[in-house]
Amino acid sequence: MEISNRSIQYLEYLTRMYERILDEVDVGVHAVDETGKTIIYNKKIMQIESMDFQDVINKNLLDVFMFKDDQSSTFVQALQEGRETYNVKQTYFNNKGREITTINNTFPIFNNGKIQGAVEIANDVTKLERLIKVNINSKGTPRFTFDRIIGSSHTINEVIEGAKRATRTSSYVLIVGETGTGKELFAQSIHNASNRLSAPFISQNCAALPDNLIESLLFGTKRGAFTGAVDTPGLFEQANGGTLLLDEINSLNLNLQAKLLRVLQEKTIRRVGDTKDTPVDVRVIANINEDPIDAIANNHLRKDLYYRLGVVTIFIPPLRERKEDIPLLVQHFIEKYNDRFQMNVKGLSEEVRQSFMEYDWLGNVRELEHIIEAAMNIIMDEEMILYSHLPYQYRSKMQLKERMIPLSMVDTFIRESGEAAVPLKDQMELFEKSYIDHVLKKNDFNISRTASLLGLSRQSLQYRMKKLNITNGKIQHVER
């Protein structure tokens, strides 16, 4: 009996040793029994296949993984045919649809001539495959289409449907949206869904160049027009038959806007220094990052140019008006930077997810992407983006928002003033009095501690208390 107990203890010791060794080796080890049920699944293969242990162990191989139509599993070949395979590249999908590529050595396990299982040793080449794809894609010109627009909210779907209708004609289009909402993505999508698809798409940011250069860039130059001038076609001629995107159209000076209006009306251009007009067939799409009515009122946009460009006007909603799309956008950007950085981040922590849904996103989708990219530059081995990974600027804004006084408190102060409407100066003074009094009471009228919390020096707080007639923690109202 004593020997039996020692044998059991020794077997338990060996099992722990084998488990530790399997988890420390830098190759994936996956073993199944004769029915195809997983019995060994080490830490490395979990990382390679982006799977949790409980999702695979004691489950049939074919219930968890999917293989391409033209490929069969080397595991299945080992189990059914007793075939050994070495250095075979295999691409398959986990139960979340994520593509995995490995180089496998697979062999059956025999006992008395009967197959009792199979083992696969896998080396990860998924990251290499991703890198190759990124390099291939980076060599081509990116082409955005409507199916690349991320979002399932009613708000964004309504805008997409409106933009799709604009692809049927060659009317000019004005796209209105805050910075970072994806205006160029919509512009390219309209071009690529129109009958101008095979013609040029040229984009120019009107704020990127000074006025004396933007004119010659748009309309071209005639030899001798000025010192060093040669015959050069402008963007309108280069985009002939296609689409010209003018980004930040409201940054053009009003004189250039008048010349642009003439081109849109006459459908001809005249090069700088030339005396003849050249006909052009160009669909103009213009982007503007402020409300067109405000732009006209502020002399940023000519009213007649607005009427000409705004035949079709598309308003892209800011991210704060379609927050239900944030989870989809986050997953898209995580996958994008997983490919770019060869990482395996799976998602957001609950704390980060909640803060994203509460944030105002003044920089819109572009700001969200930058925050995801910045966080993934901080991550080491974690699989989730934690609050501590987020940029300092974002965390500072969230902390400031948490410290802001709710409007309900302001309403209380207005009611306590006893007047239906109070001049702003008087209301601000009343609020300052009430707020300082509130913090003083919270700190038992300790001047030093209160001053520190308010971000004031002790002397500055005392000065304000005297000025506002706050004594002993009580506000002394002054007749006006």
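Counting only the backbone N, which residues of region 230-249 are under 19 Å from the spot 7 Å out from the Cα of LEU264 toward its beta-carbon?
Inside the label zone: 235-249.
Using Cβ contacts closer than 10 Å as the measure, can you line up PHE67, PHE219, PHE110 from fewest to most?
Sorted ascending by nearby Cβ count, the order is PHE110, PHE67, PHE219.
How much length is gained on full extension from GLN342 to ASN111, taking 0.36 nm per residue of separation minus their Cα-Cα distance?
79.0 nm
Taking H placed 1.01 Å from N in the peptide plane, check which residues at least 5 places from ASP247 or on another chain put their amide H under 5 Å from its amide H.
GLN204, ASN205, CYS206, ASN287
Quick one: in region 320-403, what % of C-alpha pairs are over 18 Å apart? Show your work: numbers first, answer last.
Values: 1249 of 3486 pairs.
So the pairs more than 18 Å apart make up 36 percent of the total in region 320-403.
Show me the ranking of peptides 91-97, 242-248 by mean Cβ neighbours inside 10 Å, starting with the highest.
242-248, 91-97
Normalise the Cα radius of gyration of region 2-126 by 2.2 N^0.38 Å (N = residues in it) and let me know the number.
It is 1.13.
Per DSSP H run of n ≥ 4, the term is -39500 (n - 2.57); total these for the chain, divide by its residue number, and report the mean residue ellipticity at 222 nm rounded to 500 deg cm²/dmol.
-13500 deg cm²/dmol
Of the beta bridges DSSP finds with both residues in the chain, what % are antiparallel, to the nearest 5?
65 percent
With 10 Å bins from zero, work out the P(r) of region 253-363 over every alpha carbon pair and list the percent per bin.
With a bin width of 10 Å, the distribution comes to 11, 27, 20, 18, 18, 6, 0.
What order do you get for THR221, THR85, THR275, THR102 when you list them from fewest to most C-beta neighbours inside 10 Å?
Ascending Cβ contact count within 10 Å gives the list THR275, THR85, THR221, THR102.
State the volume of the convex hull built on the alpha-carbon positions of the chain, expressed per residue in Å³ and rounded to an integer. If you can, show how the numbers build up before the last one.
Details: hull volume 138.0 nm³, N = 480.
So the per-residue hull volume is 287 Å³.
Within the set LYS59/LYS89; LYS397/LYS425; LYS96/LYS346; LYS259/LYS303, which residue pairs have Cα atoms separated by over 18 Å? Could you put the intermediate results ahead of the total?
Details: LYS59/LYS89 24 Å; LYS397/LYS425 27 Å; LYS96/LYS346 11 Å; LYS259/LYS303 14 Å.
In this structure, LYS59/LYS89; LYS397/LYS425 exceed 18 Å between Cα atoms.
A short reminder: the numbers here are calculations on the coordinates, not readings from a lab. Keep in mind the model is a prediction, meaning the values are calculated, not measured. Every residue, glycine as well, gets a Cβ built from its backbone with ideal geometry; the counts of neighbours run over all protein chains shown.
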